[in-house]
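A quick write-up on the structure given underneath.
The values are calculated or read from the model by the stated rules, or taken from the named source; none is laboratory data. For clarity, every value in this text was computed on a predicted model and none was experimentally measured. Glycine gets a Cβ as well: all are built from the backbone with ideal geometry, and neighbour counts include every protein chain shown. The protein model used for the area step is the full one, side chains on, heavy atoms only, and it has no ligands, DNA or RNA in it. Shrake-Rupley method; radii C 1.70, N 1.55, O 1.52, S 1.80 Å.
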Amino acid sequence: MGPLGIFDSGMGGLTVLRELHRRLPAEDLLYFGDTARVPYGTKGSRTVKEFARQDAQFLMSHGVKMIVVACNTASAFAIDYLRETMPVPVLDVIAPGVATALSRTRGGRVGIIATRGTIESGRYQQQLAEHIDEARVTARPCPLFVPLAEEGMLDHDVTRRIAEEYLAPLRDAEVDTLILGCTHYPLLKGVIGDVMGPDVVLVDSAEALAVAAETELERQGLRRSANGGGRLEFYLSDLPWMFREVGARFLGRDIDEVHTVNVNEAAFDGDPMRKDTP
Ligand code: DGL
């Protein structure tokens, strides 16, 4: 009965950790954020896959009973590989987001905003196209949202202007449901909601992912039954200058203790420019 392992490219996955802790308060949660190598969203698929492998192996070395890939970009490029190679269940953040969007859409016009890597992978688009007409799916990268969220510019004029620019094609496509397909975007929900208008449903996958984790733990007989008492442990590959402020913003509370680790033991000889997947 080890902890649940959660990893992300950085601190954004703390939004997922917060939701898991709320839903599963008895579980010990071990978080790894690859702050030394963030962002993943601008990198090639081979690089992200290799980083995800190292991140998952680090969690395995702490005896986790399940791995939650909180990072959308890592989910997009590495989920199949991780499921094949890791000896514990591996959950991704994309499938729960897609399922929620499909259950909420009224007219079947769904938008996705995410990092460039996630959009290029086509993963969200493919999963949606299994259920709705591909022509009704609009996907756009919003790369500047990540640094804006980290800087705490959550309700700033600059953020609003960038959101108007990025979201114009989604408004033109008249999407009725918009998936926030990146760990950082839920923090910008206010601005995104204002720009898209009150009739557009914003889907934040963290909640749906926590429900999926609970279901899977129960299915595997791995769920702890106590009412609370789960411990949170934090590991980062670098201590960014702003980690206390940024961490608290994403987690919704202060982080008392952080361990720094180097997960890059295995030499990486991949060529990030070679596009072998998807
Ligand atoms: N965690 C990434 C994601 O959800 C966003 C930050 C990054 O680019 O690494 O896609």
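Regarding residue 56, is this residue of a type in the set (Gly, Ala, Ser), crowded, with 17+ Cβ neighbours inside 10 Å, on the phi < 0 side of the Ramachandran plot and away from the ligand (no atom under 16 Å from the Cβ)? No. When the residues of the stretch 189-209 are narrowed to those that are away from the ligand (no atom under 16 Å from the Cβ) and open to solvent by 60 Å² or more (accessible area, probe 1.4 Å), which ends up nearest to the chain's Cα centre (by Cα)? Looking at the filtered set, the residue picked out is 194.
Among the residues making up the stretch 21-52, a single one is in contact with a Leu (Cβ under 8 Å, 6 or more places away or on another chain) and either free of Cβ contacts under 8 Å to residues at least 40 places away in the same chain or of a type in the set (Val, Ile, Thr) (or both): 35. Scoring residue 50 on the criteria (1) over 27 Å from residue 5 (Cα atoms); (2) assigned to a helix (DSSP H, G or I); (3) among the charged types (D, E, K, R) leaves a single failure, condition (1).
The single condition from (1) closer than 22 Å to residue 185 by Cβ; (2) within 16 Å of the ligand (Cβ to nearest atom); (3) part of a helix (DSSP H, G or I); (4) more than 13 Å from the chain's Cα centre (by Cα) that residue 22 fails is (2). Among the numbered conditions (1) away from the ligand (no atom under 16 Å from the Cβ); (2) touching a residue at least 40 places away in the same chain (Cβ under 8 Å); (3) not hydrophobic (A, V, I, L, M, F, W, C), the only one that residue 172 does not meet is (2).
Residue 128 passes every criterion in (1) assigned to a helix (DSSP H, G or I); (2) open to solvent by 80 Å² or more (accessible area, probe 1.4 Å); (3) away from the ligand (no atom under 16 Å from the Cβ) apart from (2). Filtering the stretch 8-32 to residues that are surrounded by fewer than 24 Cβ atoms within 10 Å (Cβ to Cβ) and acidic (Asp, Glu) leaves 19, 28. Across the stretch 63-80, the qualifying residues are those that are in contact (Cβ under 8 Å) with a residue 12 or more places away in the chain and part of a helix (DSSP H, G or I), and the one among them that is surrounded by the most Cβ atoms within 10 Å (Cβ to Cβ) is 72. Filtering the stretch 1-19 to residues that are hydrophobic (A, V, I, L, M, F, W, C) and away from the ligand (no atom under 12 Å from the Cβ) leaves 1, 4, 17. Here is a list of conditions, (1) at pLDDT 95 or above; (2) within 14 Å of the chain's Cα centre (by Cα), and residue 186 meets all of them except one; can you say which number that is? That leaves (1) as the condition not met. Filtering the stretch 97-106 to residues that are open to solvent by less than 40 Å² (accessible area, probe 1.4 Å) and more than 11 Å from the chain's Cα centre (by Cα) leaves 98, 100, 101, 105. Please indicate, with yes or no, whether at least one residue in the stretch 113-124 is surrounded by 19 or more Cβ atoms within 10 Å (Cβ to Cβ) and more than 16 Å from the ligand (Cβ to nearest atom). No, because not a single residue in the stretch 113-124 is surrounded by 19 or more Cβ atoms within 10 Å (Cβ to Cβ) and more than 16 Å from the ligand (Cβ to nearest atom).
Here the stretch 137-169 is the region considered, the condition is being within 24 Å of residue 252 (Cα to Cα) and open to solvent by 80 Å² or more (accessible area, probe 1.4 Å), and the residue that is nearest to the chain's Cα centre (by Cα) is 144. Could you check, for the stretch 81-103, whether at least one of its residues is hydrophobic (A, V, I, L, M, F, W, C) and assigned to a strand (DSSP E or B)? The answer is yes, given that some residue of the stretch 81-103 is hydrophobic (A, V, I, L, M, F, W, C) and assigned to a strand (DSSP E or B).
Quick one: in the stretch 33-42, which of the residues that are surrounded by fewer than 23 Cβ atoms within 10 Å (Cβ to Cβ) and near the ligand (Cβ under 9 Å from one of its atoms) is nearest to residue 235 (Cα to Cα)?
Taking the candidates together, the pick is 37.
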